[in-house]
Amino acid sequence: MSPEEPRARRKLPLFKLALAAAVVAVVAFLVLRGVNYKDLGEHGFSYIRAAGPWVFFSAAAILPAFSAPLSAFSLTAGEAFGRQMTMPGVIAAKMAAIAFNMAFTYWLARYALHPLLSRVTGHYGYTIPRVTRENAVAVALVLRLTPGPPFFMQSYILGLAHMPFRLYMVVSFLSSIPMTLALVILGKGVFNGNLSLVLTGAGVIVAASVAVNWMRKRYAARTT
């Protein structure tokens with residue numbers, strides 16, 4: 001079994017099931033009421049823009065360390081601040097937030113919350129890989145590129161495994177660029193109704209998925 005795969009998946013907690021059911025119920029209610037989703041979306045983005053880019057990207061840097069989805073920030077960043085910051089500026093700010101998040105989660109796992117996070121990863125059946133000088137790059141790549149553990153859990157596992165920090169940052173940052181770029185572009189296209197951007201973002205996701213699958217297979221055997 002590869003180091004990034006859980007030993008035994010835990011059942012989904014009842015709280016998460018209840019939350020998912022509540023979300024579905026709310027969506028169904030809104031559909032039945034004939035809610036204008038375009039106006040609802042603009043209303044939501046108005047709150048995000050009012051908070052400002054500093055608040056938004058600070059939240060994107062910190063909250064994903066505590067299980068908030070990175071993809072939610074990526075998908076909304078372009079539409080929220082593309083006009084104010086330009087798309088290259090949004091992408092640069094998003095990558096800076098991800099870099100901070102990587103360093104923050106590594107520090108939590110390696111130092112601040114090491115005992116607690118060791119118990120949490122064990123509880124959810126994740127194996128801490130054995131990192132050596134020879135397999136360190138392969139372990140980091142396979143863990144980052146294999147679907148399964150969420151991004152923050154990947155960071156915790158690598159921190160708990162005492163992955164060298166510089167190597168951890170380089171591999172993690174480079175491996176996150178294609179999907180972040182794709183999601184920012186895709187989100188801008190979806191929320192703005194721009195088919196060209198949607199197709200561009202989707203194309204980047206497809207190309208990244210093919211490349212990721214090839215790299216994962218190439219490096220998987222080197223993790224043992």
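Values as computed for the structure displayed
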quantity: Residue order for ARG166, ARG133 - accessible surface, 1.4 angstrom probe, largest first; calculated: ARG133, ARG166
quantity: Sulfur and carbon atoms: percent of accessible area, segment 34-149 [1.4 Å]; calculated: 67 percent
quantity: At R0 = 22 Å, FRET efficiency that the Cβ-Cβ distance of PHE173 and THR86 yields, to 0.05; calculated: 0.50
quantity: Solvent exposure ordering (accessible area, 1.4 Å, most first) of LEU160, LEU199; calculated: LEU199, LEU160
quantity: For segment 120-178, fraction of C-alpha pairs farther apart than 18 Å, in %; calculated: 25 percent
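The values are calculated or read from the model by the stated rules, or taken from the named source; none is laboratory data. Note that the structure is a prediction, hence the values are computed from the model and not measured. Heads up, the Cβs are rebuilt from the backbone with ideal geometry, glycines too, and the neighbour counts pull from every protein chain shown. Side chains included, ligands, DNA and RNA excluded: accessible areas come from the protein's heavy atoms. Shrake-Rupley method; radii C 1.70, N 1.55, O 1.52, S 1.80 Å.
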